[in-house]
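The structure appears right after this line, and notes come after that.
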Amino acid sequence: MLDLKIINGKSVANEPLEIGIKNSKIVEVGQEVLSTAKEILDVKGQFISAGWIDSHVHCYEKMNLYYDYPDEIGVKTGVTSVIDAGSSGEHNITEFYELAKKAKTNIFALMNISKFGIVEQDELADLEKINEANNIARINELSDFIIGIKARMSKTVVGENNIIPLEMAKKLQSKFERLPLMVHIGSAPPKLDEILERLDSGDIVTHCYNGKLNGILDESGNVKDFVWDAYNRGIIFDIGHGTDSFNFNVAKEAVKEGLFCQTISTDIYHRNRESGPVYDLSTTLEKMLSLGFTLEKVIEMVTTNPAEVFNLTTKGKLEVGMDADLTIFSVENRTKTLIDSNQNELTVAEILNPTSCVVAGNVYQVGGTHGSL
């Protein structure tokens, strides 16, 4: 007997879909699941996808600068897994790990290469805070939790150190066989070309569609040649919306030219969740739909793609043997005004409404605007 059966759903390709779950794993996937179950969830024609993964958040609740509470940005908004992007460093990530285990949402971390993480805006201005031996030790100790590293490479963060912290991050990365590196880009120095030329296939550039002078577009409004070079070399481009890092016009031009992000993330923390412009992952997905991406493509960017990028081998797909993490949602014809990080507005007529999610076979209900219960 199944623990849970989800019936009367449909896939993002609009085909009938039902799911059978047992022992926190997906054991049946098909147009109809006939096995009996202890619990049945009737989704009444809604979409069922693999559980949404927000691959850039800030949810270490004991921080003072950028922080949130995992379930507020996770299961309460239909998101089953979040990846904290550098809030903590080798000094405090163990405490973060202990807190993370109490959440209903799956939590993973990209460890900041700076000792304390983002306790101040300029965590990479003092190179003494980067201790390679300690970083290696912590990654080895918490290998199930730390799934990558983070370096924020913008002027306010690195101070006078320019590109040096990135070179230190790459050196740390080289000590491991598969360790994703996410790099935040913003104002220069360091210049974007200097950052991108040091990255390798599989490294992640977050805030890819920001509207800053040190961004991906040149003075004529076209994607810079060296950005295309990085893209074609296999650098992963991630949204990382945030308070100040997503611009509709930049995104429209990039998409028009064919430079597509591979992952959609929010860079969410309590302030841009409560006051915008981020609010939640579904709102960010609506912005990408407005740029012409299909529903199948945007869902891929928060399921299959981040799971592959961050080596989450049991997540991201609706297949037998995968973790029983799912998101149930509807697409509604309703007018809504979306706002980017630079106060540009866009009115759309189609919105995403997550109604429930499943984490390790447990059902959590979601409801209301911006995922409030």
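Per residue of region 306-314, in order, report the coupling 6.51 cos²θ - 1.76 cosθ + 1.60 (Karplus, θ = phi - 60°) as ³J(HN,Hα) in whole Hz, putting x for Gly and Pro.
My calculation for region 306-314 gives x, 4, 6, 4, 9, 6, 8, 5, 9 Hz in order.
Just flag the GluC sites (Glu not before Pro) in region 95-153 sitting in loop per DSSP whose Cβ has no more than 16 other Cβ atoms within 10 Å.
In loop regions of region 95-153 (DSSP not H, G, I, E or B), the sparsely surrounded GluC sites (Glu not before Pro) are Glu120.
Rounded to the nearest 0.05, what FRET efficiency do Val320 and Lys44 have when you use their Cβ-Cβ distance and R0 = 22 Å?
Step by step, r from the Cβ atoms, then E = 0.35.
Just reorder His270, His241, His91 by solvent-accessible area, largest first, 1.4 Å probe, all chains present. The partial results should precede the final answer.
Working: His270 25, His241 0, His91 115 Å².
The residues order as His91, His270, His241, largest area first.
Mind running the shape call on region 25-71? Use the C-alpha gyration tensor, a ≥ b ≥ c as the square roots of the eigenvalues: rounded below 1.5 for a/c, prolate if a/b tops b/c, oblate otherwise.
Values: a/c = 3.43, a/b = 2.98, b/c = 1.15.
Prolate, since a/c reaches 1.5 and a/b exceeds b/c.
Compute the length gained on full extension between Ala360 and Lys155: take 0.36 nm times their separation in residues and subtract their Cα-Cα distance, giving the result in nm to one decimal. It would help to have the intermediate numbers written out before the result.
Working: separation 205, 0.36 × 205 = 73.80 nm, distance 4.10 nm.
Value of the extension gain: 69.7 nm.
So in the chain, what percent of DSSP beta bridges are antiparallel if you round to the nearest 5?
50
Can you give the angle from 0 to 90° between the axis of helix 132-141 and the longest principal axis of the chain, with both taken from C-alpha atoms, to the nearest 10?
Roughly 10 degrees, rounded to the nearest 10.
Residues with amide H under 5 Å of Lys22's amide H, sequence separation 5 or more or different chain, H placed in the peptide plane at 1.01 Å from N; which?
Placed amide hydrogens put Asp3, Val27 under 5 Å from Lys22.
Setting aside same-chain residues fewer than 8 positions from Lys104, which lysines have a Cα under 22 Å from its Cα?
Partners found: Lys5, Lys22, Lys25, Lys38, Lys62, Lys76, Lys315, Lys317.
Please say if region 257-318 is rounded, prolate or oblate, where rounded means a/c under 1.5 for a ≥ b ≥ c the square roots of the C-alpha gyration tensor eigenvalues, and otherwise the choice is prolate for a/b larger than b/c and oblate otherwise? Show your work: numbers first, answer last.
Details: a/c = 2.11, a/b = 1.27, b/c = 1.66.
Since a/c reaches 1.5 but b/c is at least a/b, the shape of region 257-318 is classed as oblate.
Work out the FRET efficiency for Asn140 and Met1 from their Cβ-Cβ distance, taking R0 = 30 Å, and round it to the nearest 0.05.
On the way: r = 41 Å, r/R0 = 1.36.
With R0 = 30 Å, the Cβ-Cβ based efficiency is 0.15.
Nearest 10 degrees is fine. How inclined is helix 248-257 to the longest principal axis of the chain, computing both from alpha carbons?
Approximately 80 degrees, to the nearest ten.
What net charge do the residues around Val223 carry, taking every other residue with its C-beta under 9 Å from that of Val223, with Lys and Arg at +1 and Asp and Glu at -1?
Local charge sum for Val223: -3.
With a 1.4 Å probe and every protein chain left in place, tell me how much accessible area Arg198 has, in Å² to the nearest 10.
The accessible area of Arg198 comes to roughly 70 Å².
Residues of region 61-76 with backbone nitrogen within less than 15 Å of a virtual label 7 Å along the Cα-to-Cβ line of Leu99, please, listed as ranges.
Residues passing the 15 Å test: 61-74.
Ranked by accessible surface with a 1.4 Å probe, highest first, in what order do Asp71, Asp54 come?
Asp71, Asp54
Using a 1.4 Å probe, what is the accessible area per residue for the chain, in Å²? Provide the component values of the computation, followed by the final result.
Details: 15080 Å² over 373 residues.
Result: 40 Å² of accessible area for each residue.
How many angstrom separate the Cα center of region 289-360 from the Cα center of region 157-205?
About 28 Å separates the Cα centre of region 289-360 from the one of region 157-205.
For the chain, what relative contact order do you get, as a whole percent, if you take Cα pairs closer than 8 Å and at least 6 residues apart?
19
How would you classify region 33-114 from its alpha-carbon gyration tensor, with a ≥ b ≥ c the square roots of the eigenvalues: rounded for a/c under 1.5, else prolate if a/b is greater than b/c, otherwise oblate?
Verdict is prolate for region 33-114.
Leaving ligands, DNA and RNA out of it, report the carbon-plus-sulfur percent of the accessible area of the chain at a 1.4 Å probe.
C and S atoms contribute 45 percent here.
Accessible area of Leu142, 1.4 Å probe, to the nearest 10 Å²?
20
Binned at 5 Å from 0, what are the whole-percent values of the Cα-Cα distance distribution for region 50-310, short to long?
Bin by bin from 0 Å, the calculated values are 1, 6, 15, 19, 21, 18, 12, 6, 1, 0.
Under a point spin-label approximation (7 Å from Cα along Cα-to-Cβ), what is the Ser35-Arg271 distance to one decimal in nm?
4.8
The values are calculated or read from the model by the stated rules, or taken from the named source; none is laboratory data. Model, not experiment: these values are computed from the prediction. With ideal geometry, Cβ positions are generated from the backbone for all residues, glycine too; neighbour counts draw on all protein chains shown. Areas reflect the complete protein model, heavy atoms only, side chains present, ligands, DNA and RNA absent. Shrake-Rupley method; radii C 1.70, N 1.55, O 1.52, S 1.80 Å.
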